[in-house]
Amino acid sequence: MSHELPFIFAANWKMNHALKDIENFVPKFKENVSEKVWENSAVILAPQSIHLMALGKLIQNSRIQLSAQNCGPQVSGAFTGEVSAAQIKEAGASWVIIGHSERRHVFKETEELLASRLKIALQEGLNVIYCVGELLEERKKGTTFEVIEKQLSNLKAAIATLGEAVSSRIVIAYEPVWAIGTGENATPDQAEEAHAYIRGWWKKNAHNAEALRILYGGSVKPENAKSLMAEMDVDGLLVGGSSLDPNAFAEIIKNGLLSAL
Ligand code: PGA
């Protein structure tokens, strides 16, 4: 990983946290995070979209950044239940997660739908955390790279349509589906192998492969953050379950930076 660029630690709260939990989270988290963290990393919180504005107020005057967990596939229109990229920006968020494995596998979102979400998000000026990752059976069959490559093709299309400049607003998260919420993280070697593959792909398909930030996600905990972040191509972490607890999330960042810096 390059030390000149910030590391990224993102909390994906999924469909969790009541407003009062968020109000408790912010001061406790800030208390536990040292100046060194702000100097070397970007910290992003992704609450439910209904909580974006409230969280935005709570993190005013801090360097915490705000992300939505998904965004609508068109600029506006008849899309019941969706939140548009412009509305996400209006709520104060500068990031959006696209292609999370729960969107891909629980809600069966197709590559085509994800391509539309991605294009709109980038077009409207959001930064994107684009998630990729294989199922256990795909790993067992030895098709991990093939699966990742297919998922990455949406990025290639978006860059071709919107221009090379958007690539600086894309972060990729490698999240093996079998590691998400299971307590079983990828080993640092497995994570590095996939991250190196992704960086190689990026080198061929977009400029400035060194600038690309690649996050690992899947059962990240305070105990494994250090060894995962020690890997060359792991530039940050996308944390689900363990990010709900402000102390655990702060500990993950602290431990991650121990090996990264
Ligand atoms: P987990 O989730 O940390 O609970 O495994 C990660 C994610 O889904 O982003």
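The values are calculated or read from the model by the stated rules, or taken from the named source; none is laboratory data. For clarity, every value in this text was computed on a predicted model and none was experimentally measured. No Cβ is skipped: glycine too gets one built from the backbone with ideal geometry, and neighbour counts run over all protein chains shown. SASA here: full protein model, heavy atoms, side chains in, ligands and nucleic acids out. Shrake-Rupley method; radii C 1.70, N 1.55, O 1.52, S 1.80 Å.
Some notes on this structure:
- When you restrict to C-alpha pairs under 8 Å that are six or more residues apart and normalise by the size of the chain, the relative contact order lands at 21 percent.
- Sequence-distant residues sharing a close amide H with Phe7 (under 5 Å, placed H): Ser41, Ala42
- Taken one residue at a time, the phi angles of the stretch 214-225 give Karplus couplings (6.51, -1.76, 1.60, θ = phi - 60°) of 10, 9, 9, x, x, 6, 6, 9, x, 6, 10, 4 Hz. Gly and Pro are set to x.
- Under 5 Å, built H, 5+ apart or other chain: amide partners of Gly133: Glu175
- Solvent-accessible surface of the chain, averaged per residue with a 1.4 angstrom probe and all protein chains in place: 44 square angstrom.
- Shown in residue order for the stretch 53-58 are the 3J(HN,Hα) couplings computed by the Karplus curve 6.51 cos²θ - 1.76 cosθ + 1.60 at θ = phi - 60°: 5, 5, 5, x, 5, 5 Hz (x for Gly and Pro).
- Straight-distance candidates among the lysines for linking to Lys14, with alpha-carbon spacing under 18 Å and chain neighbours fewer than 8 residues away dropped: Lys108, Lys221.
- A crude spin-label estimate for the pair Asn247 and Lys141, with each label 7 Å from Cα along the Cβ direction, gives 4.4 nm.
- Estimated purely from DSSP H runs of n ≥ 4, each contributing -39500 (n - 2.57), the mean residue ellipticity at 222 nm for the chain is -12500 deg cm²/dmol once divided by its residues.
- For the stretch 1-72, a crude dipole built from +1 on the beta carbon of Lys and Arg and -1 on the beta carbon of Asp and Glu, taken about the Cα centre, is about 200 debye to the nearest 20.
- Around Thr187: net Lys/Arg minus Asp/Glu count, Cβ-Cβ under 13 Å: -4
- Unit charges at the beta carbon, dipole of the stretch 173-261: most positive-side option, Gly241, Gln190, Ile214: Ile214
- Apportionment of accessible area to carbon and sulfur, the stretch 71-211, percent (1.4 Å): 52 percent
- Pairwise centroid distance, computed over Cα atoms, of the stretch 176-205 with the stretch 113-150, Å: 12 Å
- Near Glu251, once Lys and Arg are set to +1 and Asp and Glu to -1 for all other residues with Cβ below 11 Å from its Cβ, the sum equals +1.
- Using θ = phi - 60° in the Karplus curve 6.51 cos²θ - 1.76 cosθ + 1.60, the 3J(HN,Hα) couplings for the stretch 79-86 round to 9, 3, x, 9, 10, 7, 4, 5 Hz; x is entered for Gly and Pro.
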